[in-house]
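Asker: Have a look at this one before I ask anything.
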Amino acid sequence: MHLNPYGEDAVNLAADLANRRPATAGELADRCRAAGLALEHPVTPQDLERTHAVLEAWERVVDATGEHERAELVNRMLAESAAHPRLTDHAGSGWHLHYRDDRQPLGSVLSALIAVGTALHLVGRGMHRLRRCAVTGCTTIFADTSRTGRQRYCSQRCANRDAVRRHRAGHAAR
Ligand SMILES: [Zn+2]
Ligand SMILES: [Zn+2]
């Protein structure tokens, strides 16, 4: 099975890896597999290093202050990683598009997948739909795939925490 770059899989995988950075090549492999990514090669420390560099660049996209800066940073990631799209049926599970050359190590695969997946998510759902949690002290990144596009918190837990805080602040003001 392959991650569908048109869906939210790629951008969610990026958020998952950025929020909790994999410490070893083995952990990186396990978490990519758990996300549904088919691994074609053994995962190496070089893949881990490349992945950390990709995540650094991706967090700058998350923290961009406006749409134009965000677009510029995504374009840079695309230029560094994505090749022309190609049709492939290498896994025997049906024809699909790869945005990279064949037989690339995982670090390069993730680089292309995250750049293209993020670009498709932003143009498909909205340029603002990538952010950090609104709770002070929570830095968790999420891709907003909600219907309304107004998700402010990484989780229900953080939404509840902030509701309690606002309620208390309201009482203190009165
Ligand atoms: Zn494939
Ligand atoms: Zn949060």
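The values are calculated or read from the model by the stated rules, or taken from the named source; none is laboratory data. In this text the structure is predicted, and so the values were computed from the model without any measurement. Here the Cβ positions follow ideal geometry from the backbone for every residue, glycine too, while neighbour counts run over all protein chains shown. Keep in mind that these areas ignore ligands, DNA and RNA; they rest on the heavy atoms of the full protein, side chains included. Shrake-Rupley method; radii C 1.70, N 1.55, O 1.52, S 1.80 Å.
Asker: Among the residues of region 41-70, write down those that are in contact (Cβ under 8 Å) with a residue 60 or more places away in the chain, surrounded by fewer than 16 Cβ atoms within 10 Å (Cβ to Cβ) and not in a helix (DSSP H, G or I).
Answerer: His41, Thr44, Asp63
Asker: Another question about this same structure. Filter region 125-174 down to residues that are over 18 Å from Trp58 (Cβ atoms) and among the polar types (S, T, N, Q) and give me whichever is farthest from the chain's Cα centre (by Cα).
Answerer: Asn160
Asker: So for region 114-128 (the condition being without any contact (Cβ under 8 Å) to a residue 24 or more places away in the chain, open to solvent by 10 Å² or more (accessible area, probe 1.4 Å) and either part of a loop (DSSP other than H, G, I, E, B) or on the phi < 0 side of the Ramachandran plot (or both)), does at least one residue qualify?
Answerer: yes
Asker: How many residues does region 134-158 contain that are surrounded by fewer than 16 Cβ atoms within 10 Å (Cβ to Cβ) and either within 16 Å of ligand 1 (Cβ to nearest atom) or assigned to a helix (DSSP H, G or I) (or both)?
Answerer: 2
Asker: Scanning for something assigned to a helix (DSSP H, G or I) and either farther than 26 Å from Cys138 by Cβ or open to solvent by 80 Å² or more (accessible area, probe 1.4 Å) (or both), does region 5-27 turn up at least one residue?
Answerer: Among the residues of region 5-27, at least one is assigned to a helix (DSSP H, G or I) and either farther than 26 Å from Cys138 by Cβ or open to solvent by 80 Å² or more (accessible area, probe 1.4 Å) (or both), which makes the answer yes.
Asker: In this structure, does Leu37 turn out to be surrounded by 15 or more Cβ atoms within 10 Å (Cβ to Cβ) and assigned to a helix (DSSP H, G or I)?
Answerer: In short, no.
Asker: Looking at (1) at pLDDT 95 or above; (2) among the basic types (Lys, Arg); (3) open to solvent by 30 Å² or more (accessible area, probe 1.4 Å); (4) more than 16 Å from ligand 2 (Cβ to nearest atom), which is the one condition that is false for Arg131?
Answerer: Single failed check for Arg131: (4).
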